[in-house]
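Student: Take a look at this one; I'll ask things after.
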Amino acid sequence: MLTLLTHYTTTLAVTAGIFLVLWIVSLRIRNASIVDIWWGPGFALIALLTFALTPEGALSRRQLVLILTTIWGLRLGTHLLVRNTGREEDFRYAAMRRAWGHGFATKSLTRVFLLQAVLMWLVSFPVQAAMRSATPATLGFLDYAGILVWAFGLFFESVGDLQLARFKADPANADRVMDRGLWRFTRHPNYFGDACVWWGLWLIAVSVPGGFWSIVGPIAMTVLLTNVSGVPMLERTIGERRPGYDEYARRTSAFLPRPPRAAA
């Protein structure tokens, strides 16, 4: 049985090492967008690594968390891989490349890849905490509540992504704003669903002794999505690229789903 410090140090070191390799690859292919594709599968790897490091944990909960994290992570990674294949570098990283000039290589290592490694490690705390405890030995109310919240989030995220992909695939929608389906109730159903997934995993972690502290994970993910790299970064220029987006934003919630406001 690994000590708490050794366990978390190991998962951080492995996570950082993989992001270092990704950074080297990104320099070779001149495309930092590959970091986004790894965001989901990276959590699945942390879950698998934690499963291997915690044989003392309750098997049913370890298996549950591994399965839930892997399903979410591989779905997200596959979606981004399909979406990004054959495309140029994401506009966010392209803007960084222009702004940082010759210093892009070094700055992208610290400000993009290693930063995301640390953030991934922090967000994954519920996964790691839930697997370490031998008690309770069987699944209980909080575990099942977590499954329901996770499933609700996965539904919102995957359906939102599918609806947007179909909308963009129609040439007639080239200059239109997606305001149908789940996008009618929130401007970012995929981000909202993403947050729900991690709050669900945290509920499972709360079911074990000392698991409450892992709340730092879903809080970090929610803050990232609503205030840092999610909603704000995406919407910074979308009004210029999508005529009518400002009106859509006035009537539609940015994050939490709700009925659209009446038009002014």
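Student: Report, by chain and number, residues whose modeled amide H sits under 5 Å from the one on residue 255, excluding near sequence neighbours (fewer than 5 apart, same chain).
Tutor: Under 5 Å from the amide H of residue 255: 187.
Student: Could I ask something else about it? For the range 41-89 and the range 161-180, what is the separation of their C-alpha centers, rounded to whole Å?
Tutor: Centre-to-centre (Cα) distance: 28 Å.
Student: Modelled label-to-label distance, residue 228 and residue 159, 7 Å Cα→beta-carbon offset: nm?
Tutor: 2.9
Student: Could you state the angle between the C-alpha long axis of helix 59-84 and the longest principal axis of the C-alpha atoms of the chain, as a value from 0 to 90 degrees rounded to the nearest 10?
Tutor: 20
Student: Neighbour counts of other C-beta atoms within 10 Å: give me 170, 179, 194 arranged from fewest to most.
Tutor: Fewest to most other Cβ atoms nearby, the residues stand as 170, 179, 194.
Student: Mind listing the phi-derived Karplus ³J(HN,Hα) values for the range 7-22, rounded to whole Hz, using 6.51, -1.76 and 1.60 with θ = phi - 60°, and x for any glycine or proline?
Tutor: 4, 6, 5, 5, 5, 5, 5, 5, 4, 5, x, 5, 5, 5, 5, 4
Student: Now for a separate question. Please find the FRET efficiency linking residue 87 to residue 4, where r is the Cβ-Cβ separation and R0 is fixed at 45 Å, and quote it to the nearest 0.05.
Tutor: 0.60
Student: Also, I was wondering about something else. Over the range 205-264, what per residue volume does the convex hull of the Cα atoms give, in whole Å³?
Tutor: So the per-residue hull volume is 93 Å³.
Student: In whole Å, what are the extents of the range 112-236 along the principal axes defined by its C-alpha atoms, from largest to smallest?
Tutor: 56, 32, 19
Student: Given 4 °C and 1.567 mPa s, compute D for the chain with the Stokes-Einstein relation, Rh being the Kirkwood radius over Cα pairs; round to the nearest whole µm²/s.
Tutor: The estimated diffusion coefficient comes to 66 µm²/s.
Taken together, the values in this text are just the output of simple stated rules run on the coordinates, not laboratory data. As the structure is a prediction and not an experimental result, all values here were calculated from the model. Note that we place each Cβ from the backbone using ideal geometry, even for glycine, and neighbour counts take in every protein chain shown.
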